[in-house]
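Comments concern the structure below.
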C-alpha cells in the first residue's frame, strides 16, 4: 500500500472514530437540551376555548393526587412504579376547553388525540372519557414522587386503570386535539 492510500485510510478511520465517539462525548449537553422536551401542552381542535397549559397554569386547575400506580408494558413487566403523583384529569381539561358537539347524538364520533414531541400518539374516544372508567383515571401528570417530571418532558399522560398501562402512556406531551371522525357510509 502506498503512502497516499495509507493516509486516506487513516483519515477515514479517524472520521469513523469521531462519528462513533461524538455521542459519548456530547451526551451531557444533549441531555440538558433534549429535543423532545416541551414546556407546554396546547389544547385545540373542536373546542370553544383553545388554550395552552404550562406548569404554573396546571397547578391552578383541579389537581388530583394519586398513589401507587405501575407502568406495565405489553409483556407484563413493570417498567416503573409511581409512589405518588399529581395531575389533572383529561376530562377536566376538555371541560375547560368546552368541546363543540353540535349534535349530542353524534358524541360517539368525537375523538381526543394526545400527541407528543416524539410522535407517540394515543387516541381516546370522547365517550370513554365521559361515560367510562377511563374518564376518572386518565391524567395529565406534571409531578412524580414530589418532584417535577424532567426525564420524560414536563407532562406525561396515562390511564391508571388500564390493565396494561404502558401502551397508553404518552411522554413528552405537547398537544391535545379534539376532532370528529368521518362516519359517512360508503356508497
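The values are calculated or read from the model by the stated rules, or taken from the named source; none is laboratory data. Computed from a predicted structure; not experimentally measured. Every residue, glycine as well, gets a Cβ built from its backbone with ideal geometry; the counts of neighbours run over all protein chains shown.
Between 116, 125, the distinction of being touching a residue at least 60 places away in the same chain (Cβ under 8 Å) and within 28 Å of residue 179 (Cβ to Cβ) belongs to 116 only. The set of residues in region 128-155 that are more than 17 Å from residue 83 (Cβ to Cβ) and within 15 Å of the chain's Cα centre (by Cα) comprises 138, 140, 153, 154, 155.
Exactly one residue among 96, 123, 90 is closer than 19 Å to residue 152 by Cα and at pLDDT 95 or above, and that residue is 90. Name the residue that is farthest from residue 165 (Cα to Cα), counting only residues in region 60-99 that are touching a residue at least 12 places away in the same chain (Cβ under 8 Å) and in a loop (DSSP other than H, G, I, E, B). My answer is 98.
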